[in-house]
Amino acid sequence: MRARGLQNAKKAWIGLLLLALLVSLAWGYNKNREASELSLVAENHNRRSLQNLAGHLTKLETIMAKEAVANSNKQKILYLGQAWSHCEDAVRDLAQLPAEQTGLNYLGQFLTQTADYAQVLAHRLASGGVIDPAEEKQFNDIHEHLLSVNNNVQQLLHRVDNEGLAWTGKTKGFRERFNLGRSQLAEAAAEGQESLPSSVSGGLEQLNASLQKLPPFSYTGEFSTREVPEPLGLSRGEISREQALTVAKDFLSKVGFPNRAPELASETSGLLGGYLWRSGNVLLEVTRRGGVVSSYRDQRTPESRLLSVDNAREKVMATLKSLGWQLELTSTEDFGPYLQLEAVSEKDGVRCYPDKVRFMAAMDNGELIGFDASAYYAFHHERNLPKEILSLKQAASKLRSDFKIAESRKAIISKEGNQEVLCYEFRGHYQGEDYLVYLNCTNGVEEQILRVIQTPRGEYIE
Amino acid sequence: MKLQKSWGFPIALILSLVICGITYAALGDRSLAKGARGPEVRDMQSRLISLGYVVGPLDGIFGPKTQKGVKLFQKEHGLKEDGVAGKLTIDELKRLTAGSTNASGKALGVKNIDVNLLARLVNAEARGEPYWGQVAVAAVVLNRMKDPAFPKTISEIIYQPLAFSGVADGQINLQPQSSAIKAANEAISGVDPSHGALYFFNPAKTSNRFIWSRPQLITIGNHIFAR
């Protein structure tokens, strides 16, 4: 009886195990099918991106050749606009391809800089400027670089199509695994011993390395030139850590924290580098050069909202005044527990938009809980404004006749290439929309158009 | 005729209940408290989620997690912290999640569509870091957008291959916390505690030579910000 029972139990176990095996086989088959489907989706996606990348680069090369020969501004603007668009599309496709290591992507950088350069030249021609011979040469040099990039990308595409080239390297070497420098592939390419890449990502890495061997592409972009080399709004001379502490204490006492002894959280570098101080929830930064508070943040969560927007604004403006700021408020956003505001300096009736200060007011008591004067200290300076300018009436005549002007004033705005320009600012209405139109005070050229919309938090300019 | 008379009252009752149900479906017509159910609760949960508040599953049921989310929203917006979504709470929620309009009042949809993605990155990369450090992480993405060496949109920068570990390991897909959304908004408004940094890294976790070679600008929390 007992032996029979044991036999039955054995059979039951075998049955259970067989059932489990069948279930796991079915599960494994299903997972394998899902993995194959995902792999196919990824393969198709990668192929599409590489094909698109090669396509955009080919078209870009043709367009750059045509731009070189074009002699009319209309044609040049057309080709530069197309070059800009193809570069941006190519960067997008490049970003979709699998990569193996982080770091600066020279191919992406090359294409982004080219897009930026084409955009800047197109804008310049559109606003009546010219391209000088050095810039023409620069554009031709980029074209030369592009020929070699094109060749490499097309080879990769050919090998993917005909040799089934993998997207990424199958295994990593000891050096790559432990991050001991660049891969051998990139080093070989940089040293001129280019071997055939074993994967698309390896090929792109080799291309990155080979781009580094070419003569440097001297254009570093509008952004780098838009940054001022030194803060225009800070006096020369640096302060010590002890002096910075005094500045910090003085600021804290004026914003509602007398007798605080802040501790140094970090020393900072950069354009407005200095000392970052901490006191409880409060952080504030004092610049080494000039010894001013460039930013301040009280990280507390405001209590119940007790003030109206107007009351909170009045209180915070009074605090700013006690800190020595005389500013014109330009925007208010209501985030619920706090307001976020922007104000700019104004001199002789001219609003200086680059000299911007951002700040925050708590809606429970109107205290200043955020302050950032980085832009102000970076860009504020005595400006020599042009004397020979159009009258307001002459400038207004340059607007569309059906643009209904609501407000107008003089303003300084920033434009590409680290330039500032004196404009007439016209706020007005056209076809159910509100706009800000900026016309150059000297020649009446439309420098900028902004649309004003209403968001849940207040007016927003785009 | 007799039959019609006897069915008249129940039909009218059912119709009025249906109409009441439809009327109640709009958020703001009644206070919502723990135990409430229905489309208006779902609408409220959806709005809270979009602002970064954890409310549990989006199921239209006002459970303990939703109540906790409502309380946190009330606390952070200066409202009475009772966990009941009354008129003031719902009005504030509606105001903050409404779309934009032009000067004629025409609806333009949500204009800050990139805020959520930026907040997701902040949440993935700097969850647990001080708030100021979260703003700095968001500012790094915006600084890259202005630099010619990087792509020109927030999504392209964030999804650049291996640019951010939080994307590579999938943490980008987590629902961002409210502090991450606030930090993203603050950075978009132009605040940059990173001093114009293009990179940030945790020195305890990074051995990449490229990133260590960049000029360091500021340390906030566990992150070094570099250019």
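Here are the numbers for this structure:
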item	result
Length-normalised contact order for the range A:392-461 - Cα pairs under 8 Å, 6+ apart - percent	22 percent
Charge context of B:SER104, other residues only, Cβ under 11 angstrom, K/R +1, D/E -1	-1
Spatial extent of the range A:392-461: Rg and Dmax, with the Cα atoms as the point set, Å	12.5, 38
Candidate aspartates and glutamates for bridging to B:LYS205, where Cα separation is under 13 Å - those fewer than 8 sequence places away on the same chain excluded	B:GLU125
Average silhouette area of chain B, convex hull of alpha-carbon atoms, in square nanometres	18.1 nm²
In Å², nearest 10: area of A:CYS352 left accessible to a 1.4 Å probe	10 Å²
Residues whose placed amide H lies under 5 Å from that of A:GLY274, excluding near-sequence neighbours	A:THR268, A:SER269, A:ARG288
Chain A, relative contact order [Cα under 8 Å, separation at least 6], %	9 percent
Tilt relative to chain B, helix B:178-188 - C-alpha long axis, 0 to 90 degrees, to 10	60 degrees
Convex hull volume per residue for the range A:298-362, taking Cα atoms only, in Å³	93 Å³
Residues of type lysines that B:LYS87 reaches as a straight line, Cα spacing below 24 Å, ignoring anything fewer than 8 places off in the same chain	B:LYS34, B:LYS65, B:LYS68, B:LYS71, B:LYS75, B:LYS182
Cβ neighbours within 10 Å from other chains - mean over A:299-312	2
Per residue convex hull volume, Cα atoms of the range B:32-97, in Å³	67 Å³
5 angstrom amide H check on A:ILE369, placed H, neighbours 5+ away	A:MET360, A:ALA361, A:ALA362
Dipole-positive endmost among A:VAL316, A:ALA265, B:ILE181 within the protein assembly as shown (Cβ charges, Cα centre)	B:ILE181
Ordering of A:275-288, A:422-435 by packing [mean C-beta count within 10 Å, highest first]	A:275-288, A:422-435
Backbone HN-Hα couplings from phi across the range A:333-345 [Karplus 6.51/-1.76/1.60, Hz, Gly and Pro as x]	10, 9, 9, x, x, 8, 9, 10, 10, 10, 9, 10, 7
Convex hull volume per residue in cubic angstrom - Cα atoms of the protein assembly as shown	302 Å³
Charge dipole (the range B:72-153, unit charges on Cβ, about Cα centre) - positive-most of B:ALA119, B:ALA107, B:PRO130	B:ALA107
Under the Karplus curve 6.51 cos²θ - 1.76 cosθ + 1.60, θ = phi - 60°, whole-Hz ³J(HN,Hα) for the range A:59-69, x wherever Gly or Pro sits	5, 4, 4, 4, 5, 5, 5, 5, 4, 4, 8
Mean shadow area of the range B:111-226, taken as a quarter of the surface of its Cα convex hull (nm²)	6.6 nm²
Chains B and A, summed buried accessible surface - 1.4 Å probe, Å², nearest 100	4500 Å²
Chain B: relative contact order as a whole-number percent, Cα under 8 Å and 6+ apart	16 percent
For q = 0.10, 0.11, 0.23 Å⁻¹, Debye-computed log10 I/I(0) when each Cα of the range B:73-162 counts as one equal scatterer	-0.42, -0.50, -1.09
Karplus 3J(HN,Hα) series, Hz, for the range B:26-41 with 6.51 cos²θ - 1.76 cosθ + 1.60 (x for Gly, Pro)	7, 5, x, 7, 8, 6, 10, 9, 3, x, 5, 9, x, x, 5, 5
For A:LYS347, residues with placed amide H under 5 Å, excluding near neighbours	A:CYS352
Hull-based mean projected area of the range A:1-148, where the convex hull spans the alpha carbons, in square nanometres	13.6 nm²
Alpha carbon centroid spacing (whole Å) that separates the range B:65-140 from the range A:405-452	32 Å
Rg over Rh [alpha-carbon atoms, Kirkwood Rh] for the range A:241-379	0.96
Å² per residue, accessible surface of the protein assembly as shown at 1.4 Å	51 Å²
Shielding of A:264-273 by partner chains, average beta-carbon count, 10 Å	5
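The values are calculated or read from the model by the stated rules, or taken from the named source; none is laboratory data. What you see is a predicted model; the values in this text were computed from it and never measured. Note that each Cβ is placed from the backbone with ideal geometry, even for glycine, and that neighbours are counted across all protein chains shown. These area figures cover heavy atoms from the full protein model, side chains too; ligands, DNA and RNA do not enter into them. Shrake-Rupley method; radii C 1.70, N 1.55, O 1.52, S 1.80 Å.
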